[in-house]
1. Mean separation of Cα pairs under 8 Å and 6+ residues apart, divided by the residue count of the chain: what relative contact order is that in percent?
2. Per the Cauchy relation, a quarter of the hull surface: what is the mean projected area of the convex hull of the alpha carbons in the chain, in nm²?
3. Once every DSSP H run of n ≥ 4 in the chain is given -39500 (n - 2.57) and the sum is divided by its residues, what mean residue ellipticity at 222 nm do you get, rounded to the nearest 500 deg cm²/dmol?
4. Assign unit charges at the C-beta atoms only (+1 for Lys and Arg, -1 for Asp and Glu), then state the dipole size of the chain relative to its Cα centre in Debye, rounded to the nearest 20.
5. If packing is taken as the mean number of other Cβ atoms within 10 Å per residue, what is the order of 37-45, 279-287, highest first?
6. When the chain is fully extended, how far beyond the present Cα-Cα distance does residue 85 get from residue 289, taking 0.36 nm per residue of separation?
7. If you rank 160, 259, 24, 177 by fewest surrounding Cβ atoms within 10 Å, what's the result?
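Coordinate-derived values only; no laboratory data. Just so we're clear, the structure is a prediction, and the values are computed from it rather than from any experiment. Cβ atoms come from the backbone with ideal geometry, glycine included; neighbour counts cover every protein chain shown.
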Amino acid sequence: MTAAGAASLPGWDLAYSGKVRDLHVPEGTTLGTAPEMLMVASDRVSAFDQVLDPAIPGKGELLTTLTRWWIRRLGLPDQLAPDADARTPEAVRGRAMLVRTLDMLPVECVVRGRVTGSGLKEYREVGSISGVVLPEGLQDGDALPEPIYTPAWKAPQGQHDENVSFERTVDLVGAEHAEGIRALSLSVFAQAAAIAAEAGLVLADTKFEFGVDRATGELVLADEVLTSDSSRYWDAAALAEGRVESFDKQIVRDWLAAHWDGQGEPPVLPDDVVARTSARYRELIERLTA
Ligand code: ATP
Ligand code: MG
């Protein structure tokens, strides 16, 4: 499988293209056997499971910078390969991470401090999210009494992820890992939300993925970390005045929701939507790292 815009890198084979990222492995190896892989973030943007046209200039680099910044800031066991920076091919350095291949757990570890998006939809339908029962009367964007862990089963390629109960994650990955990733998700979210708050940002929700280190058996925070693709960040001051100003691809989602009925090819994004989205991604980094 190839995707538009995947880099061709000497010494590396393109093993997989997701909607946004390309995974490269050392030439002649495969994803399963390579001990390391190069995760390259493209500028592609997806919404409602569709990769959209055109790409958002600089997005891959901004998201990679954010993941690296959070990994350092949180000081957790991380997925980076030894000497990752120096060994990353020059051509993609700013938007790539050389990581140890982990045995990924098929659970999307979603933590929500606010009720919105697909969580809100589920709450309105059944009064709970991933089996977590919530108080009545919550409105879009409301703070939850405390952050909740609402895992999803990471469906095989081409299928939709599915919100599942914590008990179901026990069936999927075993009790020890299920409890481990829940505890880590909630504690990392709490730390990150506090750091974001200092920058005047509300971390509304995020999604983590964890893998098991093949050498040590340790749980490691993998994939992208607290990026604006995997998280919703809102401006706290605007929110206090009742406005949601988000630092993620909400601009793209909103535009698409208003201009596409979900049938056939999605329309091409207008220049101003692209420019505003790009500026928002940039502003988030500036705010967090200032
Ligand atoms: P989607 O397009 O829905 O996001 P995807 O999640 O499969 O699909 P990407 O997010 O673009 O695609 O690709 C990243 C993939 O790499 C994910 O499947 C993720 O689980 C996996 N991954 C991330 N970090 C590691 C790691 N350290 N070791 C092994 N696999 C990893
Ligand atoms: Mg992904």
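1. Numbers: 512 pairs, mean separation 49.5, N = 290.
Relative contact order of the chain: 17 percent.
2. Details: hull surface 61.6 nm².
Quarter of the Cα hull surface area: 15.4 nm².
3. Numbers: 8 runs with 96 residues, N = 290.
The helix-only estimate for the chain comes to -10500 deg cm²/dmol at 222 nm.
4. On the way: 28 positive and 45 negative charges, 83 e Å.
Here the size comes out at about 400 debye.
5. Details: 37-45: 23.8, 279-287: 17.3.
Final packing ranking: 37-45, 279-287.
6. Values: separation 204, 0.36 × 204 = 73.44 nm, distance 1.96 nm.
The span from residue 85 to residue 289 would gain 71.5 nm if fully extended.
7. Numbers: 160 8, 259 12, 24 27, 177 17.
Ranked by crowding around the Cβ, least crowded first: 160, 259, 177, 24.
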